[in-house]
Structure formats: structure tokens, C-alpha cells
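Some notes on the structure that comes next.
The values are calculated or read from the model by the stated rules, or taken from the named source; none is laboratory data. Since we're looking at a predicted model, the values are computed, not measured. In this analysis, Cβ positions are derived from the backbone assuming ideal geometry, glycine residues included, and neighbour counts consider all displayed protein chains.
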Amino acid sequence: MNGQAHDPARLTAAERERLEETLASYALGALADTEAQDVARHLTTCAACRALAAELGTAAALLPLACDAVEPAPDLKGRILAAVEAEREGPRQPSGLPLPPEPPTAREPGAGPVRPRSRPWTRTPWTLATAALLLVCLGLGAWNLQLRQERSRQAEQLALYQTARQTWALAGTSAVPLLLVRGLPPPGPDRSYQVWLIRDGRPASARVLPAGAGIERPIELEQPLTGAQTVAITNEPAGGSPGPTGPILLAGEL
Amino acid sequence: MDLRTASDEALLAALPDDVGALDLLYERHAPAAMGLAMRMLPDREAAEDVVQEAFVALWRHARSYAPARGSVRTWLLGIVHHRAIDRLRGRRPTEALPEEVRADPAETDVWSQAAQRLDREEIRRALAALPAEQREAIELAYFSGFTQAQIASALGVPLGTVKGRLRLGLARLRALLPRPTETER
């Protein structure tokens, strides 16, 4: 894509198809950042692409409406209103004007908006692009199928395990491993799933899940894989055990 | 004006001064915002952070909303989506709102307007009617924040195949959604 406007009448079918591919991916947010910036620049000069991009964008914008509604925590509204009130009281630019992007570090202490409970990015390591790459399974019925059909393992996929009833995988990086298990049902009342990394026969707890919680989403392990030969999940009394006591539900060699 | 019966657009117009209007917008749309954030992010805490950021952005930028670009709910969900993608890709959260593409006024099609009135079931039916590999590619792109190349790598298929699935899937989705009827025009 360059600065030239397209004349739809003069495009070949193949050219049009390529253009639609780029614009569909743009609408879905699937372009790499630099490519997306190129498209955004092109759209400022090309009315034909702008019309098509707007149309595809409308279709993409409907996707969130297919999600199930989820009740937020009761205190979230209070946190938002408090953040807004705090920002109103602080010195800010006249309200209503579009604000330029501000670097988060540029604010003077105490002068900026208060964001209760907002955590530094460094503490959410799963946001690493490499880890995100394998968050394939979120709500996706396709995930199991995809793993079953997997022909080659990706670099980011550290291990893939299959048992008769479960397909599960370790993803992320060895420093910040993510365990992906599809639909492990709740462990029972007053029971917790616990993940273990086993080094030379000695299991170390890598994560205890909340009591009664099944595994539906990727879980981040609390220790790196370094030196471990096996990863396993057991069903333990609520809160976990110092060493595995319950039956091993899943285990895999690293 | 009784805020409780006011339209979303009227509530947004009362921002940023009337925080009560934000309260009502939250009551109406927070579960949808939370639903999207939970679908995209692996834990509730991160999802709530994103929803909080989105409502604060909505409040802060209320005056830059233009009804022609879609409903308030779609606008809010667009902000949630943008912030969640920032997290999935490990980007610093930006203050900027997601870039929106608007067709030139003369070319704004009726479908865009009517699309805003579709309900969850209609959209689900349309998604369910897509060929599985197109739906999968679209979901990986939109909900998991994967780029074309990442989808290709995750699925073990060529990049060109992914580009084609995204194009066909989105075009088909648009075609499957009910057309506005004559009476709606």
C-alpha cells in the first residue's frame, strides 16, 4: 500500500482480492503494527479503500456482541467513578478536547489521574507477545481440533500432551510458562488443582488453583521450567499440599 | 432531563460533567464490556482493568463521539477491544482511541446503520454458519490478537491461506448478517 488512491474500475481481480485481504486483516486487527500504519496512511488518500475498510470494520465491530455478558465485580463501578472523580479534581486540560497521547511517565507526582489497582505492565508477564501467541485456546472451540491436527510444533509451544480425554500444552517461555488445559472440570468441593514441576523426582508446587475451580483458561506457572523433567497436575485438598497427595490427573515429560 | 430514560447518546452528551450519566452507561454496558474482556484476556483481574480503562476513556473522550460511526455500545466495545489487544501484544497502553475508519458521508451504507440493531443471537448464528476454518481464523485475529503470521504459525498453514480465510470469513459474515429490511430504511 502506498499513497496512491485506487481506481476500483482499473484493478484486476487478483489485485482487488489482495486489497480485500489486507483490508479485512486491518479491520480484524491482524496486521503487524507497521503494516497497519501503512494502511492507515493509505486510507487517508484513497476513498475507495476507505469505503471498503469502513464496511469491513462494521462487520468486525459486531463480533464482541456475540460474547456472553459477564457481571463485573460489584466494586468495579466504584473504582471507575473514583478514578473519574480524582481526575476531575486534578488539573487537566479543558474537558472534551481530544487529548494527545501522553507518556505515562510524564505526569508530575500527584498531578495525574489516579488509577486504583492499575498494575505495572511488568507484572503481567503473560502479555509478552511470545506468550500471547499460544493463548490459542481462549474460548475457542477450535483449539482442541487445532492441537490434534498440529503437524509441527511451534517454537513458542514448549510441549504438547495428549491423553485419551485431554489435550493440553505448555506454552509461553521457559521463564514464564503457561499451562493450557482444555476444560478440566471442577475438582470437587474443598479441593484444588495443583500443578507440579518435578526435578530429579522431587516435585515442587508451580501453582495452586483456587478451591473448587476447574481449569478453563491458560494458567501461568509460578516458577520457570529450568531443570524440570516432568509437569503434572494433581487434585489436592483446598489450598494445595506441600507435596502431591492426590491422584495424578495429567503428567507429561518436558 | 431524567437520565434514567435518556438514550445512550444523550447520556454521553452529558459527559464529562455529569458523572451520574457515566454511572448509568456503566449499568447498561459494563456486562457486555466485561464479556468481551473476559473472552480476550486470561484472568478476571486483567479484564476488569481493561474495562476500567475503557470507561475512563469513554468519559474523557465523550465529546469526540459521533453517532454516525455506530452505537455508543459498539464504540465502547471498540475501546475495550483495543486496550485488550494492547495487553495481549505486550504494548504499553495508549491514551489514543482506536483508529476508526469512516466512509465518506455520501458512501455511508444503510447496512452499517442497520447492523447496530442486530442482537447477539443473530450475530452468533452468522458466526456459526461460517466454515470452521474461517471462523477459527477470525476468532484468533479478533479475540486473541494474533497477526496473520501468528495465525499461520499457530495453525501450521501458509500465510496466504490465512489471508484468504480472513478475507472470505469477514466478507461472508457481512453477507450472512440480516440485511436491513425496507421498513427499517
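Descriptive notes on the structure:
- Restricted to segment B:41-59, and to residues there that are in a helix (DSSP H, G or I) and either at the interface with another protein chain (Cβ under 7 Å from one of its Cβ atoms) or of a type in the set (Phe, Trp, Tyr) (or both), the residue that is surrounded by the most Cβ atoms within 10 Å (Cβ to Cβ) is B:51.
- From the options B:35, B:78, residue that is closer than 26 Å to residue A:46 by Cα, at pLDDT 90 or above, in a helix (DSSP H, G or I) and not acidic (Asp, Glu): B:78
- For segment A:40-83, taking the residues that are more than 7 Å from every other protein chain (Cβ to nearest Cβ) and surrounded by 20 or more Cβ atoms within 10 Å (Cβ to Cβ), the one that is nearest to residue B:26 (Cα to Cα) is identified as A:52.
- Flag for residue A:22 being over 23 Å from residue B:120 (Cβ atoms) and more than 9 Å from chain B (Cβ to nearest Cβ): no
- Residues of segment B:16-39 that turn out to be more than 7 Å from chain A (Cβ to nearest Cβ) and over 13 Å from residue B:78 (Cβ atoms), as a count: 8
- Residues that are over 14 Å from the mean Cα position of the chain (by Cα) and aliphatic (A, V, I, L, M) were ranked within segment B:137-152; the one that is surrounded by the fewest Cβ atoms within 10 Å (Cβ to Cβ) is B:149.
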